[in-house]
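Q: Before anything else, here's the structure in question.
The values are calculated or read from the model by the stated rules, or taken from the named source; none is laboratory data. Not measured: the values here are computed from a predicted model. Here Cβ is always computed from backbone atoms with ideal geometry, including for glycine, and neighbour counts include all displayed protein chains. Ligands, DNA and RNA are excluded from the accessible area calculation, which covers all protein heavy atoms including side chains. Shrake-Rupley method; radii C 1.70, N 1.55, O 1.52, S 1.80 Å.
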Amino acid sequence: MIYLFSTLILIILGFVFGRLAESRHYHSIKQREAALVNLPNTAGRQLIIPMQHIEKAELVTGNVVISVDYFKRIVAGLRSLIGGPLQSYETLLDRARREAILRMKESCPGACQVINIRIETCAIHGRQPGSIGSVELIAYGTAIYGAAL
Amino acid sequence: MVYRPKLPATNNNVSHQHPLRELMLLLAAFLLFLLFCYWLLGLFVDYAADKLSPKLEQQLFSRFVITAKASPEQQKLQQLVEQLQPCAVTAYPVQVHYINDPMINAAVLPGGTMLVYQGLLNSIDTENGLMFVLAHELAHLKNRDHLRSMGRGLVMAALTYSMTGSSQLSQLFTPAVDLGMAQHSQQRERAADATALDILHCYYGHIGGADNFFRSMLKNQKLSALPGWFDSHPQLTERLQQLEVIAQQKSYPQLPPVTLPAELLQ
């Protein structure tokens, strides 16, 4: 009985606080994306803004670690038995990717553009073997400083 | 090429279905599958219970048989059960235990142990009534009901453990499963009642006093407003009705019953 109640309470807590944290994070992400939309960035290796004079080019990174709440874990466990799209993890990874890119952009104030952006994911395993505890995303690219044409 | 910054209008990388809806759908599919497994394994349990040879059953459960504590009541009950044996053929000997407890119950365990409580003896005032209860328990043994309920309980515990990691939860896992178990149990109880009536008729030549226990329980029972879907036994009125129907169908005569033997009179 204790086991069942504690599981239910954890699921409810996970759902309530998870949803709360998620909506707050999305709100922050949207705000910062709107502020940083004017910084050109690309995954390509060529400059997208032609430069008159390049002052410096340096590696910039942004990384974030986001954890799974208990509710998401339970739903993912059921999904792994039945199969199909894992919707509960979609928002998690979407937030992580956008947050990593934002942090990368925020780490180079004054840059003209950021090129050659790559994103890499690393799963940090949970306590139980085979479960995902948290996910780490790193976004890195080259920031170009100088005077645009 | 001019760089024109723009934010996307919608987020295509996430599904916009409510997460609880997904959980409910998954849980429903999962539980349906479990119910199906339980039903299927129940069929296997029934098949195994019917096919298990009595000698093997006795061998398997011999460790559960405890020698009964001798007392005048126990010896008289043992004698009565042995007198019933020609009519209620059980494949192995039955050991009767008398328990001096006010609980109104009688039970039969795998291996051939029968328990009779003092409370039951208090509720019966004729030998025929007592013989009906003893015949009912012997009927359970004959129909291998103890194996069926044990097998089903084991299936339930195994399924619950594989899903939640705790077999203690099997008792409250799903109301639907409880309903299924209760209906199955009620069905077995009706079957045992019917067989017991036949045994009684075989022994006495009539069925007078068979309803002694049910009527006595009916008098003392507090009426419950809830339906008896989840009870392990059918309602008393239903059981009495069934006895009357069978008696009519098979034209069993009703003669005055015999009083309880001296050792069991309290």
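Q: In nm, to one decimal, how far is the modelled label at B:Cys37 from the one at B:Asp101, with both set 7 Å along Cα→Cβ?
A: The two pseudo-label positions are separated by 3.4 nm.
Q: To continue, here is another question. List the accessible area buried at the contact between A and B, summed over both sides and calculated with a 1.4 Å probe, in Å² to the nearest 100.
A: What A and B bury together is about 2200 Å².
Q: While we're looking at this one, here's another question. Under a Cβ-Cβ limit of 4.7 Å, which cysteines in chain B have nobody to pair with?
A: B:Cys37
Q: Filter chain A for me: DSSP H helices, axial length by Cα at least 15 angstrom, mean Kyte-Doolittle hydropathy not below -1.0. List them by residue number.
A: What comes out of the filter, once short or polar helices are dropped, is A:2-36, A:70-82.
Q: Rounded to the nearest 0.05, what FRET efficiency do A:Val37 and A:Ala148 have when you use their Cβ-Cβ distance and R0 = 22 Å?
A: Calculated transfer efficiency: 0.85.
Q: For segment B:1-157, with every protein chain kept in place, what is the accessible area per residue (1.4 Å probe, Å²)?
A: It amounts to 55 Å² per residue over segment B:1-157.
Q: Would you pull out the residues with amide H under 5 Å of B:Thr113's amide H, same chain only if 5 or more places away, H placed 1.01 Å from N?
A: When sequence neighbours closer than 5 places are left aside, the close amide H contacts are B:Gln95.
Q: If you count only protein heavy atoms and use a 1.4 Å probe, how large is the accessible surface of A:Ile12, to the nearest 10 Å²?
A: Its accessible surface works out to 100 Å², give or take rounding.
Q: Suppose R0 equals 25 Å; then what is the FRET efficiency for B:Leu7 and A:Arg45 from their Cβ-Cβ distance, rounded to the nearest 0.05?
A: 0.50
Q: Want the number for B:Cys87 to B:Val14: 0.36 nm per residue separation, take away the alpha-carbon distance, what's left?
A: 19.1 nm
Q: Follow-up question, since we're still on this one. If the cut-off is 19 Å between C-alpha atoms, which lysines fall inside it for B:Lys6, apart from same-chain ones fewer than 8 positions away?
A: Straight-line reach from B:Lys6, under 19 Å: A:Lys30, A:Lys105.
Q: Another question, then. If you take every DSSP beta bridge fully contained in chain B, what fraction is antiparallel? Give it as a percent rounded to 5.
A: Bridges in chain B are about 50 percent antiparallel.
Q: Sticking with this one: Rank B:His18, B:His233, B:His136 by mean-square fluctuation in a GNM of chain B with C-alpha springs under 10 angstrom and give only the top-ranked residue.
A: Among B:His18, B:His233, B:His136, the largest mean-square fluctuation in the Gaussian network model of chain B belongs to B:His18.
Q: So, one more: Which links in B:Lys76/B:Lys142; B:Lys142/B:Lys250; B:Lys69/B:Lys250; B:Lys51/B:Lys76 stretch past 31 Å when you go from one Cα to the other?
A: From B:Lys76/B:Lys142; B:Lys142/B:Lys250; B:Lys69/B:Lys250; B:Lys51/B:Lys76, over 31 Å: B:Lys69/B:Lys250; B:Lys51/B:Lys76.
Q: At a 1.4 Å probe, what is the % contribution of carbon and sulfur to the accessible area of segment A:1-52?
A: That fraction is 67 percent.
Q: Measure off, as a whole percent, the carbon and sulfur share of the 1.4 Å-probe accessible area of chain B, all protein chains present.
A: C and S atoms contribute 60 percent here.
Q: In whole Å, how far is the Cα centre of segment B:228-262 from that of segment B:67-92?
A: One Cα centre to the other: 22 Å.
Q: Follow-up. Tell me the angle of helix B:19-51 to the major Cα principal axis of chain B, expressed in degrees between 0 and 90 and rounded to the nearest ten.
A: Once rounded, one gets 30 degrees.
Q: In nm, to one decimal, how far is the modelled label at B:Leu27 from the one at B:Glu263, with both set 7 Å along Cα→Cβ?
A: Using points 7 Å along Cα→Cβ, the separation is 5.6 nm.
Q: With every protein chain present, what is the per residue accessible area of segment A:29-103 (1.4 Å probe, Å²)?
A: I get 53 Å² per residue for this part.
Q: Something else now. If r is the Cβ-Cβ distance from A:Arg127 to B:Ala158 and R0 is 25 Å, what FRET efficiency results, to the nearest 0.05?
A: Working from the Cβ atoms, E equals 0.45.
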